[in-house]
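Chemist: Here it is, the structure in full.
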Amino acid sequence: MSAITPHYRTVQQLLQSQSFSIDEYQREYKWEKENIDELLSDLLGKFSNSYRPEHNTKEVSKYGEYFLGSIIVSKRNGKNYLVDGQQRVTSLTLLLICLYRIAEEKSLPVLQTIAPLIFSDNLGEPKFNLDISERLPVIEALFKGQQFNPDGKDESIQTMYARYGDIEQNGFVDELEEGISHFIYWLLTRVGLIEIATDNDTYAYAIFETMNDRGKTLSPVDMLKAYLLAPVEDSEKRRTSNQMWKQNVLNLISWSQEKESERDINCIKAWLRAQYAESTRDRKAGASDKDWELIGNAFHRWVREHHESLGLGSEADNVRFITEAFPFFAKAYLRILSASRTLTSGLEPIFYNAHNDFTWQSTVLLAPLQLSDDEDTVRKKLAATATYLDIWLMRRVVNYVRVGYSSVSYTMFTLCRDIRRKSLPDLLTILQKKLAEDEVSFEGHKQKPQRKGMSDLRLNQFSRRYIYHLLARVTAFVEQGCGRTESFDKLVDRTVKNPFDIEHMLPDNFSAVANDFESENDFEEWRNHIASLLLLPADVNRSLQDKPYEEKVVHYGKQNFYAASLNADAYDHQPKFKQFREAYELPFENYERFTKAEQQKRRALLVALVEVVWSAKRLEQYA
């Protein structure tokens, strides 16, 4: 009989000069942004409980441990095949690559400790420890900091690239500040998994099936239900409450014909945080988790310990919580999910924030709701709060301010607390006041004068996704203002055969325009500025490639109005375009050439459009 050997491994022990493969029939890498954000939040919280700035690195060995679960490995033909655990091992590898690049940038000694966990030396050539051939190009590009285009690649490759971007933008590094080396050493030596290894595939899959099909532990949702039903002695009330709870859970996990086992968990986390969290972990070393974090980690336990503040404990109160509160917030949560997936009239801002992958949106949108709100009031509250988030978010990203999960967790907690269970008029007053007093605008950042907003927004690895979003919003606004039907969701749909891509008006050929710029570096700065960019269908984009602007502008005239406005023909016999320009006093102009002077004018137009699209006055429509 083949040996089945379970071992506890730290991250360092698991990955040190050891590679893992997967079989072809294994499912794709599917972790979503929420999974990455929650992992980083959990790791940061556990680390922060022990870390003190005065600690030397040796003291990390006494920090609290964090358990990542188990993986199942089948060893054959000299290779380790992951039967279960590729999602975690892949995510861990992406995190290590990010930390490696940070350590390299900061010249941290821990750099040499991380490297063997990502790749090993194979006769002078690096052999990556996540040894899955089709995924190696993206791993190598991320590791070396090289440009990589995931479009058209396998689902796993696209997902890995996106999740790496989420790790970079999460903001956990900013929160760690000088503790980054300690965090890395802690991750390698105090975070671990159980590795269950066998040299027999049959046994490996038998273990996998046993662990996943039998003896499943109760989920937090099950445990919360059990606690809430405990004092309900009336058999009919107990039966009805249990049935209603089960129906709402089923509605959540089966929503949109896409079964998702954790959607009920995510809904309850968002609901409880939004409506009840009164405290959050202090942003300092050694701080312990509070309501905000504890709900995220084990909400069933938190409810039990805070039942008095939630008004729970009696049969009547618990029945009301199950049969009134849960259905109300579950329905609102599904409404948010639906509007996040499909551009919905009256709830468009929810779709915009979802496109920007703003993870906290569902939580914040549930905060102002009250059980007494009717359908129209719920819709207006959701839309108004999402509109605020849309403006708040875009003001920051154009100033290169991180808006990832960890970066804005404290801000979202305070926002929820400020707008919690407010009437619609009060909600609008609070949101309008916050925007009026905001230290960040499209013109710059009051506290950080080096951040100059739109005037300094250029295409790079951080800004690409947001520039694409901004151009799509502006393009859709101009199109609809001129009576056309091109909508934002169509402009950002990457699943179609010919999606829209970012087009540079200036060719990637400095020598052709050298007389207009001081240097090649100067040319690149002007070429990549957002005012020098458009959205065009991919086939048109490719066909134009490095043609000079004078040739491109002829083709722009056949595209969306934001692009076509560069061509003189767009101003002939276009009464709706004229009405649109005059209604908003927008300085549209056509240009035969596109030098610095023309780009400055185009910049003024784009700023004017942005101020309209993201105007705080949008909140007035919900009054």
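The values are calculated or read from the model by the stated rules, or taken from the named source; none is laboratory data. As the structure is a computational prediction, the values presented were derived from the model and not from experiment. Neighbour counts are summed over all protein chains in view; Cβ atoms, including those assigned to glycine, are modelled from backbone coordinates with ideal geometry.
Chemist: Please enumerate the residues belonging to region 583-601 that are closer than 16 Å to E550 by Cβ and crowded, with 17+ Cβ neighbours inside 10 Å.
Modeler: Hits for region 583-601 are Y591, F594, E598, Q599.
Chemist: Next question. State which residue is surrounded by the fewest Cβ atoms within 10 Å (Cβ to Cβ) when the search covers only region 282-302 and only residues that are among the small types (G, A, S) and closer than 19 Å to F326 by Cα. Break it down into steps so the answer makes sense when it comes.
Modeler: To start, the set of residues in region 282-302 that are among the small types (G, A, S) comprises 285-288, 296, 298.
Narrowing further to those that are closer than 19 Å to F326 by Cα: 296, 298.
Working: G296: 22, A298: 15.
Per the stated criteria, the residue is A298.
Chemist: Residues being assigned to a loop (DSSP other than H, G, I, E, B) and more than 21 Å from K552 (Cβ to Cβ): count how many of those fall in region 573-583. Spell out how you get there, then give the answer.
Modeler: Here is the first cut: in region 573-583, the ones assigned to a loop (DSSP other than H, G, I, E, B) are 573-574.
Keeping just the survivors that are more than 21 Å from K552 (Cβ to Cβ) gives 573.
Counting residues in region 573-583 that are assigned to a loop (DSSP other than H, G, I, E, B) and more than 21 Å from K552 (Cβ to Cβ) gives 1.
Chemist: Pull out all pairs, ordered by first then second residue, where Cβ-Cβ is under 6 Å, the residues are six or more apart or on different chains, the first lies in region 255-271 and is over 14 Å from V221 (Cα atoms), and the second is of a type outside the set (V, I, T) and at pLDDT 90 or above.
Modeler: What qualifies is W255/L334.
Chemist: Out of region 584-619, which residues are in a helix (DSSP H, G or I), more than 19 Å from V553 (Cβ to Cβ) and either hydroxyl-bearing (S, T, Y) or in contact with a helix residue (DSSP H, G or I) (Cβ under 8 Å, 6 or more places away or on another chain) (or both)?
Modeler: Across region 584-619, the qualifying residues are Y584, V607, A608, L609, V610, V612, V613, A616, R618, L619.
Chemist: Tell me which of these R451 doesn't satisfy, since it passes every other one: (1) farther than 30 Å from E32 by Cα; (2) part of a helix (DSSP H, G or I).
Modeler: All conditions are met except number (2).
Chemist: Just need a number here: residues in region 459-493 that are modelled with pLDDT of 95 or more, within 29 Å of G145 (Cα to Cα) and of a type in the set (K, R).
Modeler: 0
Chemist: Among the residues of region 59-72, is any of a type in the set (G, A, S), over 21 Å from D131 (Cα atoms), modelled with pLDDT of 90 or more and in the same structural domain as Y8 (by TED's automatic domain parsing)?
Modeler: Within region 59-72, the subset of a type in the set (G, A, S) is 61, 64, 69-70.
After this cut, where a residue has to be over 21 Å from D131 (Cα atoms) as well, the list is 61, 64, 69.
Subsequent filtering for residues that are modelled with pLDDT of 90 or more retains 61, 64.
Now narrow it down to the ones that are in the same structural domain as Y8 (by TED's automatic domain parsing): 61, 64.
The answer is yes; a qualifying residue exists.
Chemist: So L606 ticks every box in (1) farther than 19 Å from F477 by Cβ; (2) surrounded by 13 or more Cβ atoms within 10 Å (Cβ to Cβ); (3) of a type outside the set (D, E, K, R) but one. Which box is left unticked?
Modeler: With respect to (1) farther than 19 Å from F477 by Cβ; (2) surrounded by 13 or more Cβ atoms within 10 Å (Cβ to Cβ); (3) of a type outside the set (D, E, K, R), L606 is out only on (1).
Chemist: From the list E155, E134, pick out the single residue that is over 23 Å from F462 (Cα atoms), in contact (Cβ under 8 Å) with a residue 12 or more places away in the chain and out of contact with any Phe, Trp or Tyr (no Cβ under 7 Å at 6 or more places or on another chain).
Modeler: Numbers: E155 fails: over 23 Å from F462 (Cα atoms).
Of E155, E134, the one residue that is over 23 Å from F462 (Cα atoms), in contact (Cβ under 8 Å) with a residue 12 or more places away in the chain and out of contact with any Phe, Trp or Tyr (no Cβ under 7 Å at 6 or more places or on another chain) is E134.
Chemist: Which residue is farthest from the chain's Cα centre (by Cα), if the candidates are limited to region 33-76 and must be part of a loop (DSSP other than H, G, I, E, B) and in contact (Cβ under 8 Å) with a residue 12 or more places away in the chain?
Modeler: Step one: filter region 33-76 for residues part of a loop (DSSP other than H, G, I, E, B), giving 51-56, 63-65.
Going one step further and asking which of them are in contact (Cβ under 8 Å) with a residue 12 or more places away in the chain, we end up with 51-53, 55, 63-65.
Values: Y51: 27, R52: 29, P53: 29, H55: 33, Y63: 29, G64: 28, E65: 27 Å.
Among them, the one singled out is H55.
Chemist: Within region 292-393, which helices (runs of 4 or more DSSP H) (wholly inside it) include 2 or more residues that are among the charged types (D, E, K, R)? Please lay out each step first, then the result.
Modeler: On the way: elements: 315-320, 326-341, 348-355, 361-366.
Ranges flagged: 315-320, 326-341.
Residue-by-condition table, conditions (1) closer than 27 Å to T240 by Cβ; (2) outside the structural domain of N251 (by TED's automatic domain parsing); (3) surrounded by fewer than 21 Cβ atoms within 10 Å (Cβ to Cβ):
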position: A316; (1), (2), (3): yes, no, yes
position: V319; (1), (2), (3): yes, no, yes
position: F329; (1), (2), (3): yes, no, no
position: L366; (1), (2), (3): yes, no, no
position: T385; (1), (2), (3): no, no, no
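Conditions (1) more than 21 Å from V11 (Cα to Cα); (2) of a type outside the set (A, V, I, L, M); (3) assigned to a strand (DSSP E or B); (4) not assigned by TED's automatic domain parsing to the domain that holds D42, marked per residue:
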| site | (1), (2), (3), (4) |
| --- | --- |
| E105 | yes, yes, no, no |
| P109 | no, yes, no, no |
| I114 | no, no, no, no |
| K153 | yes, yes, no, no |
| E168 | no, yes, no, no |
| H182 | no, yes, no, no |
| Y185 | no, yes, no, no |
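Chemist: Just to be sure I understand the filter: pairs with C-beta atoms under 8 Å, separated by 6 or more residues or on different chains, first member in region 593-611 and under 11 Å from M454 (Cα atoms), second member of a type in the set (V, I, T) and part of a helix (DSSP H, G or I). Which pairs pass?
Modeler: L606/V474; L606/I530; V610/V474
For (1) over 27 Å from K422 (Cα atoms); (2) surrounded by 20 or more Cβ atoms within 10 Å (Cβ to Cβ); (3) modelled with pLDDT of 90 or more; (4) under 21 Å from the mean Cα position of the chain (by Cα), each residue gets a yes or a no:
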position	(1), (2), (3), (4)
K216	yes, no, no, no
L229	yes, no, yes, no
K237	yes, no, yes, no
S254	yes, no, no, no
A270	no, yes, yes, yes
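Chemist: I need the full set of residues from region 593-618 which are closer than 20 Å to A384 by Cβ and either among the polar types (S, T, N, Q) or in the same structural domain as R396 (by TED's automatic domain parsing) (or both), in order please. Reasoning before the result, please.
Modeler: In the first step, residues of region 593-618 are kept if they are closer than 20 Å to A384 by Cβ; the result is 611-618.
S615 - this is the single residue of region 593-618 that is closer than 20 Å to A384 by Cβ and either among the polar types (S, T, N, Q) or in the same structural domain as R396 (by TED's automatic domain parsing) (or both).
Chemist: How many residues does region 394-448 hold that are farther than 20 Å from R618 by Cβ, part of a loop (DSSP other than H, G, I, E, B) and modelled with pLDDT under 95?
Modeler: 10
Chemist: Where in region 461-569 are there helices (runs of 4 or more DSSP H), lying wholly inside it, with at least 3 residues that are among the charged types (D, E, K, R) and either touching a strand residue (DSSP E or B) at 6+ places or on another chain (Cβ under 7 Å) or crowded, with 20+ Cβ neighbours inside 10 Å (or both)? Steps first, please.
Modeler: On the way: elements: 464-481, 488-491, 520-527, 538-544, 549-556, 561-564.
Per the criteria, no element qualifies.
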